[in-house]
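The values are calculated or read from the model by the stated rules, or taken from the named source; none is laboratory data. Quantities reported herein were computed from a predicted structural model and do not represent experimental measurements. Every residue, glycine among them, receives a Cβ derived from its backbone with ideal geometry; neighbour counts consider all protein chains shown.
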Amino acid sequence: MAHSYTPGLTVTEQTVIHRRRMLPLPGKVLVLVGDRVQSDQVVARAELPGKVFPINLANQLSVTPGEMKGYLTKREGDAVAKDEILAENNPLIKWFKTEIRSPVSGRIESISSVTGQVLLREPPRLLELSAYVDGTITETIPQQGVVVQTTCSLVQGIFGIGGETSGDIVIAVTAPDEPLMPNHLTPAMKGKVVVGGSFLSAETMKQAKAVGVAGLVVGGIHDEDLRALLGYDLGVAITGTEQVGFTLILTEGFGTIPMAAKTFKLLSSHVGRKASISGATQIRAGVIRPEIIIPQLEGQARTAIQSQREGISLGDPVRIIRDPMFGRIGEVSALPPELTKIPTESEVRVLEVRFADGKTVVIPRTNIEVIEGA
Amino acid sequence: MTIHESSEVNHPLNVIVATDCGSTTTKAILIEKVGDEYRQTYRGEAPTTVEAPFEDVTRGVLNAIAEIEELSGRKILDGDKIITPCLNDKTGVDIYISTSSAGGGLQMMVTGVVQNMTGESAQRAALGAGAIVIDVLAANDGRLPHEKIERIRSMRPDMILMAGGTDGGAVNHVVEMAEYVAAAEPRPRFGVTYKLPLIYAGNKEAQPQVRRILEEKSALVVTENIRPVLERENLAPARNKIHDLFLEHVMQQAPGYKKLMEMAGAPIMPTPAAVGLIMEAIAKREHLSLIGVDIGGATTDVFSVFDGVFNRTVSANLGMSYSVSNVLAEAGLANIMRWVPFTIDEQTLRNRIKNKMIRPTTIPQTLDELQIEQAIAREALRLALIHHKALATGLKGVQQERTISDVFAQQASGQSLIDMLKLDLIVGSGGILSHAPRRIQSMLMMVDAYEPMGCTRLSVDSIFMMPHLGVLSTINEKAATDVFVRDCMVYLGTCVAPIGQGKDGELCADYRMTMPDGRTIDGQLKFGELKLFPLEAEQKATIKIQPPKGVSMGAGSGVAVTKEVHGGVVGLLLDGRGRPLKLPAEQQARVASLTKWFDAVGLYPTP
């Protein structure tokens with residue numbers, strides 16, 4: 001019965017990660033395998049086709065689509081400037097003249113003799129893809145993107161908002177159970193990744209925006225404050241595109257929850273180092289968790305051992321991820337194989353968790369997660 | 001190959017292993033031939049592994065099957081392979097089959113000309129095939145052309161279905177829509193390099209133009225018009241094409257699915273399509289009108305069969321784990337709280353719901369957590385039925401012949417087909433209903449959410465195996481029916497609910513029940529009362545209900561009704577809470593009412 005457990009979040013001092021950087025549409029890759037790249041370096045570029053503007057010229061000229069051709073001053077593929085004439089008629093009396101001008105600059109994509117529709121397309125927009133982390137290119141996928149490899153310390157969060165950014169790590173609190181208060185945030189923290197403790201209030205978020213921090217990493221927040229920050233109630237956890245002024249990463253969940261000691265200690269040991277962070281979270285259709293990546297300095301990197309966890313065993317460090325003991329951390333002290341009745345009367349597989357103070361509790365196996373990278 | 005064709009299986013099918021790869025968990029069941037009949041014997045489950053770090057759906061499948069191995073003592077796996085066929089009594093299975101809704105299911109975009117005619121037909125075709133419809137575009141949907149194009153660009157569907165126009169009608173609008181789609185150059189959700197599958201099922205006169213415009217830019221498939229004439233829908237050809245393309249294109253792109261398809265002995269079906277097959281089969285076999293619901297982690301599917309017409313809708317963002325927070329956003333906190341028999345502050349509840357969203361595989365451990373989860377389920381079920389009613393309608397835009405008798409009761413075309421008074425059976429499925437610790441909890445969740453009127457039978461999928469049986473029915477009808485009747489369908493009982501309202505304690509109805517042993521029970525049902533009478537699954541009772549004036553059992557105000565009602569593992573539920581169901585607005589009174597009802601039927605363990 002070792003299979004029904006939730007894979008946990010990784011918090012590890014040293015690992016090798018690969019980040020696949022893919023263009024949303026075919027373009028050009030600008031780097032080669034083996035190149036060293038910086039997080040803000042552009043590694044691939046694509047031209048995003050411009051916006052399309054349809055105009056029904058036949059209607060506007062009051063002719064049938066079949067007759068429209070005779071009135072056009074442009075052909076398919078021609079470039080047009082804004083306000084340039086696309087079509088006109090030549091009436092006997094000048095007053096009745098109709099000229100149809102282009103609403104945008106761009107190119108004529110197509111002219112339909114069935115519907116009378118002319119499609120104009122704006123010039124393409126340049127889309128640049130950055131490396132996101134400092135590292136080495138290990139693979140290039142022609143026209144599509146690259147794979148960047150880096151040896152780093154890695155902290156996965158449980159939930160985040162906001163996109164990719166980077167900054168130096170600053171610890172603003174003295175202990176993992178101390179909430180991050182507005183007065184912890186100083187102007188010197190502009191552009192930095194600020195690590196707090198157990199909780200982040202709405203006032204602190206306001207102050208973070210004012211200071212201009214790049215990112216905030218804390219144990220928990222209240223859902224109400226998140227709603228106030230976003231301006232709407234988040235229904236489905238697909239995030240990463242929010243523009244709230246900073247990237248926010250929760251390591252534990254919603255509520256006031258002390259940051260796991262291991263996470264706090266790891267981040268504390270990297271104060272002043274550059275971290276690449278992303279708040280992008282997607283809990284459905286391919287889990288993406290927010291992450292803090294601290295690349296190792298060159299020369300420091302040792303060979304990391306990658307282990308694939310196959311199940312849960314005695315002594316594994318675990319976090320309880322459901323009330324009534326949400327957020328508590330302990331280790332597995334027993335793995336009874338039989339189904340056990342819990343207070344809801346459900347019969348489920350359980351395990352026993354021992355806390356640091358020696359007390360033990362019985363928890364459904366699905367309600368714990370293994371702290372990975374231990 | 002279409003999904004409806006039976007697959008060739010040359011050896012006898014005595015042992016079958018089936019999985020459903022859901023968005024949260026992969027559920028495996030073992031079916032064995034015991035004597036002359038097929039029975040479901042063991043089950044196992046494991047987290048679905050479409051995601052990192054595994055990114056291979058077959059890992060979850062193998063883990064779930066490994067659980068069955070441990071429980072049954074049968075050796076099914078040889079490394080990463082399933083041993084087929086059976087080698088002996090304790091080794092191998094004869095076939096492996098699967099359904100899937102993992103990775104967000106099949107996401108489609110549909111287009112039509114008139115939104116509530118061909119747009120809706122296209123939507124029904126896609127939904128019936130098991131898809132989630134992420135948008136419906138139509139010539140008259142109120143969006144400007146450039147907005148439509150932007151919308152198509154920004155969405156990344158797995159597939160597009162284009163409909164529009166009756167055969168021989170005007171081609172203009174259909175071609176216009178094809179031009180928009182071509183201009184938007186839509187890209188599929190998975191994979192950068194492959195062409196987006198697109199099905200054209202509109203006016204056949206426009207086929208050449210549509211081919212010219214879209215053939216280069218998409219993997220175009222042309223099929224029969226889904227609305228050849230206004231008065232008739234022809235959804236089957238488009239649905240079959242959707243299934244084919246789902247297997248040929250979409251499945252090939254999702255992580256591990258290629259391997260899964262090789263492992264399976266029959267085509268993999270989208271979960272809702274498989275459940276739909278089962279629901280349709282029940283309605284047909286027993287000549288019933290029914291509503292079926294499958295409430296999952298991410299979505300809630302509603303199926304209905306009324307007057308032989310099958311409909312399915314999916315509420316893509318109503319579910320109990322991934323989408324739980326969206327139930328709160330759509331229903332509102334007050335609507336959820338009205339079902340919770342204690343008080344809890346808003347902040348705590350909101351945080352708890354969000355924590356479930358970010359850790360979707362957790363289960364309630366305490367009674368109050370269970371009660372909150374079941375309160376949310378009631379709202380998810382209620383909202384999903386509202387969505388369903390709006391789409392399960394007659395065809396709109398159809399000319400109606402009227403006579404003088406219609407002067408006082410003219411009805412527009414396109415009325416909802418869902419008539420709670422005609423409803424014979426409610427079938428519930430999905431984790432929260434199938435795995436409720438007490439069956440009465442499933443029954444009351446459905447009664448509270450759907451407010452059945454008159455006499456309505458309720459049942460539940462015992463351990464969530466309808467998807468498995470749906471796909472099994474395509475290869476072995478007998479095995480599917482055997483297991484369905486004996487192990488899957490659990491009849492809960494019948495709900496008897498008079499229509500009308502009154503003050504608590506006032507008379508709602510007089511009743512006389514003749515029980516199977518000939519005993520009669522006479523009594524009065526008061527407003528604000530719930531009464532539960534045991535009546536076993538195979539048994540029937542006759543009930544005569546005499547409502548007072550102003551209250552109806554469906555035959556008219558004050559008219560007595562006599563019905564034969566079926567029992568079940570819960571029994572006969574007399575619901576005097578009135579229809580529509582209204583709960584006290586004031587908090588203390590509401591908690592008192594809930595506590596009274598819950599105690600009356602033994603809903604939860606008492607401390």
Exercise. Does the stretch B:571-588 include one or more residues that are in a strand (DSSP E or B), assigned by TED's automatic domain parsing to the domain that holds B:VAL460, farther than 17 Å from B:ILE499 by Cβ and not basic (Lys, Arg)?
Worked result: yes
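Return the total of residues in the stretch B:12-68 being more than 14 Å from chain A (Cβ to nearest Cβ) and of a type in the set (A, V, I, L, M).
9
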Problem set entry | Hey, B:ILE97 assigned to a strand (DSSP E or B) and within 14 Å of another protein chain (Cβ to nearest Cβ) or not | no
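Is it true that A:VAL114 is free of Cβ contacts under 8 Å to residues at least 60 places away in the same chain, within 12 Å of chain B (Cβ to nearest Cβ) and either more than 33 Å from the chain's Cα centre (by Cα) or not in a strand (DSSP E or B) (or both)?
Judged against the criteria, A:VAL114 is a match.
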Exercise. Has the stretch B:221-237 got at least one residue that is buried (at least 17 other Cβ atoms within 10 Å of the Cβ), in contact (Cβ under 8 Å) with a residue 12 or more places away in the chain and within 12 Å of another protein chain (Cβ to nearest Cβ)?
Worked result: no
Exercise. How many residues are without any contact (Cβ under 8 Å) to a residue 12 or more places away in the chain and hydrophobic (A, V, I, L, M, F, W, C) if we restrict to the stretch B:71-117?
Worked result: 2
For this session: Find all pairs meeting these conditions: Cβ atoms under 7 angstrom apart; at least six residues apart or on different chains; first residue within the stretch A:223-237 and under 22 Å from A:GLN207 (Cβ atoms); second residue aromatic (Phe, Trp, Tyr) and outside any helix (DSSP H, G or I).
Result: A:ASP223/A:PHE254
For this session: Only residues that are touching a strand residue (DSSP E or B) at 6+ places or on another chain (Cβ under 7 Å) and without any contact (Cβ under 8 Å) to a residue 24 or more places away in the chain: list them for the stretch A:314-331, please.
Result: A:LEU314, A:GLY315, A:GLU331
Exercise. Residues that are within 14 Å of chain B (Cβ to nearest Cβ) and in contact (Cβ under 8 Å) with a residue 12 or more places away in the chain: which strands (runs of 3 or more DSSP E) entirely in the stretch A:22-102 hold 3 or more of them?
Worked result: A:42-48, A:52-56
For this session: Can you work out which of the residues in the stretch B:182-205 that are part of a loop (DSSP other than H, G, I, E, B), more than 10 Å from chain A (Cβ to nearest Cβ) and of a type in the set (A, V, I, L, M) is surrounded by the most Cβ atoms within 10 Å (Cβ to Cβ)?
Result: B:ALA201
Seminar exercise, completed: Checking B:ARG189, B:ARG232 in turn, the sole residue that is over 16 Å from B:GLY168 (Cα atoms) and under 33 Å from the mean Cα position of the chain (by Cα) turns out to be B:ARG189
For this session: Please go through the stretch A:41-83 and pick out each residue that is under 30 Å from A:ARG20 (Cβ atoms) and at pLDDT 90 or above.
Result: A:GLN41, A:VAL42, A:VAL43, A:ALA44, A:ARG45
For this session: Out of the residues in the stretch B:564-593 that are acidic (Asp, Glu) and under 19 Å from B:ASP510 (Cα atoms), state the one that is surrounded by the fewest Cβ atoms within 10 Å (Cβ to Cβ).
Result: B:GLU564
Exercise. Of all the residues that make up the stretch B:162-181, how many are among the aliphatic types (A, V, I, L, M) and at the interface with chain A (Cβ under 8 Å from one of its Cβ atoms)?
Worked result: 2
Exercise. Of the residues B:LEU318, B:LEU381, B:LEU385, which single one is more than 8 Å from every other protein chain (Cβ to nearest Cβ) and touching a Leu at 6+ places or on another chain (Cβ under 7 Å)?
Worked result: B:LEU318
Exercise. Do we have A:LEU126 as assigned to a strand (DSSP E or B), under 30 Å from A:ILE55 (Cβ atoms) and away from chain B (no Cβ under 12 Å) here?
Worked result: yes
Exercise. Can B:GLY292 be described as at pLDDT 90 or above, in contact with a helix residue (DSSP H, G or I) (Cβ under 8 Å, 6 or more places away or on another chain) and away from chain A (no Cβ under 14 Å)?
Worked result: yes
Problem set entry | Hits in the stretch B:124-143 (condition: surrounded by fewer than 23 Cβ atoms within 10 Å (Cβ to Cβ) and touching a residue at least 60 places away in the same chain (Cβ under 8 Å)) | B:GLY128, B:VAL133, B:ILE134
Seminar exercise, completed: Counted residues in the stretch A:219-239 being of a type in the set (Gly, Ala, Ser), modelled with pLDDT of 85 or more and out of contact with any Pro (no Cβ under 8 Å at 6 or more places or on another chain) come to 3
